[in-house]
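Trainee: My questions will all concern the structure given below.
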Amino acid sequence: MRSRPSSLPALALLLLACGPVACAQSDQRFTAACIGFYNIENLYDTIDSPDTDDAEFLPGGPKLWNAARYRTKIEKMGRVIGELGRDVHPDGVHVIGLAEVENRRVLEDLVKAEAIAKRGYRIVHEDGPDRRGVDVALLYDPHYFTLLNHRSIPLVDPVDTAFRTRAQLVVSGIMDGDTVHVIVAHWPSRRGGEKRSQPKRMLAAKLGRALIDSLQRRDPGARVIYMGDLNDDPVDKSVRGGLMTVARPEQATGRSLFNPMEPLYEKGIGSLAWRDSWNLFDQIIVTPSLAARADDRYRYYGVRVFNEPYLRQQEGPFSGYPFRTFVGDTWTNGWSDHFPVYIILVRPVP
């Protein structure tokens with residue numbers, strides 16, 4: 001795997017932007033890795049899938065979805081993924097989790113988008129049980145990440161046995177000699193009301209917690225990255241209580257997880273907007289082993305919400321909001337109703 005160290009001047013600027021410098025030695029050089037997540041808002045193809053409810057995204061459906069619009073969406077998502085993390089590493093994100101993809105076919109088209117085709121992203125995906133047919137997935141750059149294995153774990157509600165939602169995807173691989181586990185999730189929505197739907201998200205949180213615990217039982221120092229559209233904010237009960245998160249890296253000990261999104265949320269930074277308020281549903285959370293300083297291994301350094309001007313509405317009552325693909329059934333030729341997020345990991349160059 002190739003590894004291109006970031007230059008000291010660029011990284012110094014990065015460190016000043018993201019937080020306190022981890023190493024006081026002025027001549028210390030680092031290599032950086034970017035790990036991202038993006039809810040790409042209903043990436044459906046135009047082909048009828050008989051096992052799922054995809055009627056609204058068929059050419060004869062209410063959204064008038066067609067091949068031209070699909071191709072436009074693919075290229076737009078490719079552009080965003082291509083630019084994500086380029087301020088930190090010349091090859092952008094090494095790994096990115098995705099939400100709201102219909103199937104492997106759309107992912108195969110996505111990795112061929114003009115902006116990212118040369119990177120050769122590989123795909124990890126399993127069809128899940130969601131009634132609308134949307135799944136989570138993971139793309140990885142094989143120059144920086146070697147896949148070991150993956151598994152897809154469905155969310156089961158023992159009380160509501162008819163409930164169907166997105167599975168959680170567990171991916172294990174090697175990144176610069178480190179074994180890293182990435183869990184991609186898309187928790188149940190707030191449809192029907194935040195309080196009424198909250199138990200479903202707590203179930204999802206407990207599943208995520210159980211998956212992390214399982215990895216840590218096998219290796220107490222397991223380096224786990226939990227990411228996704230959680231449909232809850234960093235301070236909500238499902239995140240703080242269900243996943244057991246804390247807001248500062250030094251607080252992350254034992255089973256607690258470090259959530260770098262919480263300080264952003266407290267500053268009013270969000271990844272989506274709803275009814276004149278911002279939410280930070282899109283989160284990337286890490287185990288203590290990634291939050292702690294390590295002499296020669298990757299460790300957390302910074303977090304970003306990627307909200308470039310072209311991803312935002314530029315005028316009208318929703319100015320500044322994410323520029324979404326659809327408003328209702330009206331195609332706006334936008335990008336997504338969420339901003340992508342990414343974390344920055346650094347390790348010293350020997």
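Trainee: Any idea how far apart residue 330 and residue 68 come out in nm if each label point goes 7 Å out from Cα toward Cβ?
Mentor: Inter-label distance under the simple model: 2.0 nm.
Trainee: Continuing with the same structure: How far is helix 67-83 tilted off the main Cα axis of the chain, in degrees rounded to 10, range 0 to 90?
Mentor: 10
Trainee: On to the next question. Note down the nm distance, to one decimal, between modelled labels 7 Å out along Cα→Cβ at residue 266 and at residue 131.
Mentor: Output for this residue pair reads 4.0 nm.
Trainee: Can you tell me the dipole magnitude for region 8-348 around its Cα centre, using point charges on the Cβ only (Lys, Arg +1; Asp, Glu -1), in Debye to the nearest 20?
Mentor: The dipole magnitude comes to about 600 debye.
Trainee: Enter the mean projected area of the convex hull around the alpha-carbon atoms of region 238-289, in nm², rounded to one decimal.
Mentor: Dividing the Cα hull surface by four gives the mean projection, 3.7 nm².
Trainee: Sticking with this one: Of the residues 310, 140, 321, which exhibits the maximal mean-square fluctuation in a Gaussian network model of the chain defined by a 10 Å Cα contact cut-off?
Mentor: The residue that fluctuates most here is 310.
Trainee: Defining a contact as two alpha carbons under 8 Å apart and six or more residues distant in sequence, what relative contact order in percent does region 8-348 show?
Mentor: Normalised by residue count, the contact order of region 8-348 is 17 percent.
Trainee: Tell me the Rg and the Dmax, in Å, that the Cα atoms of region 302-350 produce.
Mentor: Cα-based Rg and Dmax for region 302-350 come out at 15.2, 54 Å.
Trainee: Sticking with this one: Residues in region 291-315, backbone N under 19 Å from the label point at residue 114 (7 Å along the Cα-to-beta-carbon vector): list them, ranges by number please.
Mentor: Within reach of a label on residue 114: 310-311.
Trainee: Cα axis of helix 8-18 to longest principal axis of the chain: angle in degrees, 0 to 90, nearest 10?
Mentor: Taking the Cα atoms of the chain, the angle to 8-18 is about 60 degrees.
Trainee: Would you mind putting 154-162, 202-210, 173-181, 335-343 in packing order, based on average other-beta-carbon counts within 10 Å, highest first?
Mentor: Order by mean packing, descending: 335-343, 202-210, 173-181, 154-162.
Trainee: Here's something else I'd like to know. If eta is 0.692 mPa s and T is 37 °C, what Stokes-Einstein diffusion coefficient results for region 8-348, Kirkwood Rh from Cα pairs, in µm²/s?
Mentor: In µm²/s, the coefficient is 162.
Trainee: Something else: If you take every residue apart from residue 123 with its C-beta less than 10 Å away from the C-beta of residue 123, what net charge results, scoring Lys and Arg +1 and Asp and Glu -1?
Mentor: Surrounding charge for residue 123 is +1.
Trainee: While we're here: Got a sec? Charge dipole of the chain, +1 on Cβ for Lys and Arg, -1 for Asp and Glu; which of 113, 184, 261 is way out at the positive end?
Mentor: 261
Trainee: In region 8-348, what percentage of the DSSP-assigned beta bridges are antiparallel, given to the nearest 5?
Mentor: Approximately 75 percent, going by the DSSP bridge assignments.
Trainee: Which whole-Hz couplings ³J(HN,Hα) result when phi for each residue of region 331-336 is put into the Karplus expression 6.51 cos²θ - 1.76 cosθ + 1.60, θ = phi - 60°, listed in order with x for Gly and Pro?
Mentor: Coupling constants for region 331-336: 6, 9, 6, x, 10, 7 Hz.
Trainee: For the Cα atoms of the chain, what angle does the longest principal axis make with the long axis of helix 194-218, in degrees from 0 to 90, nearest 10?
Mentor: With both axes taken from Cα atoms, the answer is about 40 degrees.
Bear in mind these aren't lab numbers, they're just calculated from the coordinates by the rules spelled out. Remember, predicted model here, so these are calculated numbers, not experimental data. Using ideal geometry, Cβ is built from the backbone for each residue, glycine included, and neighbour counts are taken over all protein chains shown.
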